[in-house]
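Presented below is the structure to which this report refers.
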Amino acid sequence: DGGITQSPKYLFRKEGQNVTLSCEQNLNHDAMYWYRQDPGQGLRLIYYSQIVNDFQKGDIAEGYSVSREKKESFPLTVTSAQKNPTAFYLCASSIELAADTQYFGPGTRLTVL
Amino acid sequence: GQQLNQNPQSMFIQEGEDVSMNCTSSSIFNTWLWYKQDPGEGPVLLIALYKAGELTSNGRLTAQFGITRKDSFLNISASIPSDVGIYFCAGELSGTYKYIFGTGTRLKVLA
């Protein structure tokens with residue numbers, strides 16, 4: 001089945017540690033996105049990638065980093081510089097950048113202890 | 001970053017009732033998307049709207065792209081218990097390649 005997978009579903013980390021969230025899609029989509037979701041707020045864009053080896057900062061990129069070495073994969077690293085990392089992280093993809101519907105993965109809930 | 005005003009924030013309704021929610025902004029949008037999200041899961045796309053004035057249905061759901069391109073509406077007819085969840089709108093901001101998301105409408109259906 002085609003879709004977007006994120007792993008792990010739940011992630012715990014200690015303060016000061018970096019952690020990487022996985023996002024894989026087999027939809028042959030060019031564009032991929034990372035969003036952060038906090039209670040009572042809409043999704044906020046962290047990073048997006050239009051094509052392999054290219055990515056751009058979104059609205060809240062500070063403390064995060066990404067890579068796009070393969071079309072199918074867009075991992076997100078939450079660094080120790082992110083001041084409030086506990087959140088629900090959602091990955092999405094679309095056929096091309098923005099001018100098309102975005103499909104979401106199941107999300108990863110990150111909790112910093 | 002910008003966010004859309006989505007109303008109402010939450011609703012408690014009886015099974016069988018109709019539901020209406022909307023998203024408004026002072027900005028102009030090229031595309032509107034409506035999603036449903038269950039707790040702890042990713043949003044699932046319900047309806048996509050691409051033209052001002054467009055009215056699109058998906059089963060009991062109907063959504064409209066506002067004529068001014070600054071708002072959108074979602075209606076659910078004859079609600080059932082499985083309609084429970086959070087509904088989000090998302091608008092593609094004109095002149096950008098980004099979607100702006102509403103803050104969500106939390107729907108609870110009482111049997």
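If you go through the stretch B:3-23 and keep only what is under 13 Å from the mean Cα position of the chain (by Cα), in a loop (DSSP other than H, G, I, E, B) and facing chain A (nearest Cβ under 10 Å), you end up with just B:Gln9. In the set (1) buried (at least 17 other Cβ atoms within 10 Å of the Cβ); (2) at pLDDT 95 or above, the condition left unmet by B:Leu4 is number (2). When B:Ala78, B:Ala63 are checked against the criterion of being at pLDDT 95 or above, of a type in the set (A, V, I, L, M) and exposed (fewer than 15 other Cβ atoms within 10 Å of the Cβ), B:Ala78 stands alone in meeting it. Step by step: first the residues of the stretch B:24-46, then only those that are among the hydrophobic types (A, V, I, L, M, F, W, C), more than 10 Å from chain A (Cβ to nearest Cβ) and surrounded by fewer than 21 Cβ atoms within 10 Å (Cβ to Cβ), then the one that is nearest to B:Asn75 (Cα to Cα). Which residue is that? So the residue we want is B:Leu46. Residue-level check: of (1) buried (at least 18 other Cβ atoms within 10 Å of the Cβ); (2) charged (D, E, K, R); (3) closer than 27 Å to A:Ser7 by Cα, B:Arg69 misses just (3). When the residues of the stretch B:96-111 are filtered to those that are over 12 Å from the mean Cα position of the chain (by Cα) and away from chain A (no Cβ under 11 Å), which remaining residue is farthest from A:Gln56 (Cα to Cα)? Of everything passing the filter in the stretch B:96-111, B:Ala111 is farthest from A:Gln56 (Cα to Cα). If we scan the stretch A:18-28, do we find a residue that is in contact with an Asp or Glu (Cβ under 7 Å, 6 or more places away or on another chain), in a strand (DSSP E or B) and within 16 Å of A:Ala87 (Cβ to Cβ)? Looking through the stretch A:18-28, none of the residues is in contact with an Asp or Glu (Cβ under 7 Å, 6 or more places away or on another chain), in a strand (DSSP E or B) and within 16 Å of A:Ala87 (Cβ to Cβ).
Quick check on A:Thr108: is it of a type in the set (S, T, N, Q), surrounded by 14 or more Cβ atoms within 10 Å (Cβ to Cβ) and at pLDDT below 90? No.
Going by the structure shown, is B:Gly91 within 14 Å of chain A (Cβ to nearest Cβ), small (Gly, Ala, Ser) and without any contact (Cβ under 8 Å) to a residue 60 or more places away in the chain? So B:Gly91 does not fit the description; no. Only one entry of A:Ser80, A:Ser49, A:Ser22 meets the criterion of being touching a residue at least 24 places away in the same chain (Cβ under 8 Å), within 12 Å of chain B (Cβ to nearest Cβ) and either touching a strand residue (DSSP E or B) at 6+ places or on another chain (Cβ under 7 Å) or of a type in the set (Ser, Thr, Tyr) (or both), and that entry is A:Ser49. Against the test of being at pLDDT 95 or above and touching a Ser or Thr at 6+ places or on another chain (Cβ under 6 Å), the options A:Leu76, A:Leu90, A:Leu21 yield a single qualifying residue, A:Leu21. Among the residues of the stretch B:66-82, the one identified as in contact with a Ser or Thr (Cβ under 9 Å, 6 or more places away or on another chain) and of a type in the set (Val, Ile, Thr) is B:Ile76. Among the residues of the stretch B:57-84, those that are assigned to a strand (DSSP E or B) and either closer than 14 Å to B:Cys23 by Cβ or within 12 Å of the chain's Cα centre (by Cα) (or both) comprise B:Leu61, B:Thr62, B:Ala63, B:Gln64, B:Phe65, B:Asp71, B:Ser72, B:Phe73, B:Leu74, B:Asn75, B:Ile76.
The values are calculated or read from the model by the stated rules, or taken from the named source; none is laboratory data. This structure is a prediction, so every number in the text was calculated from the model and none was measured. No Cβ is skipped: glycine too gets one built from the backbone with ideal geometry, and neighbour counts run over all protein chains shown.
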